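Some notes on the structure that comes next.
What follows is calculated from the coordinates using simple rules that are stated; it is not laboratory data. This one's a predicted model, so the numbers in the text were calculated from it and none came from an experiment. Positions of Cβ are generated from backbone atoms using ideal geometry, with glycine treated the same way; all protein chains shown enter the neighbour counts.
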Amino acid sequence: MANSSITESYESLPKWAKVLLQIFLGSIIGGVYRIIRFVEKKNIVTLVVGILVLVTGIGNFIAWIVDLVTEIVSNRITVLAD
């Protein structure tokens, strides 16, 4: 895992594992994933969305649904996670 990032490690999990993680822990994973992605890619929008997902209730619920759908459809979190 020397050249691998944390988000790449998450993305390399099997699809069924990521969908289960999203179902049960998606409200936390979405925000943390985006914050870690900001550290890796330095996109400020990703950081702001990650913080909002973790702090706000409705943002958390919306991100949970969106992230679950994108995991099922494209096998990774894609919306506002540059």
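Could you tally the net charge around residue 18, taking each other residue with its Cβ under 9 Å from the Cβ of residue 18, Lys/Arg +1 and Asp/Glu -1?
Surrounding charge for residue 18 is 0.
Quickly work out the residue 78-to-residue 24 label distance, labels modelled 7 Å from Cα along the C-beta direction, and quote it in nm with one decimal.
Result: 2.7 nm between the two label points.
Which loop-located trypsin sites (Lys or Arg not before Pro) does segment 1-57 contain, where loop means any DSSP state but H, G, I, E or B and the Cβ has at most 10 other Cβ atoms within 10 Å?
Those satisfying the criteria are 42.
How large is the Kirkwood hydrodynamic radius of the chain, in angstrom, based on all distinct alpha carbon pairs?
One over the average 1/r among Cα pairs gives 12.5 Å for the chain.
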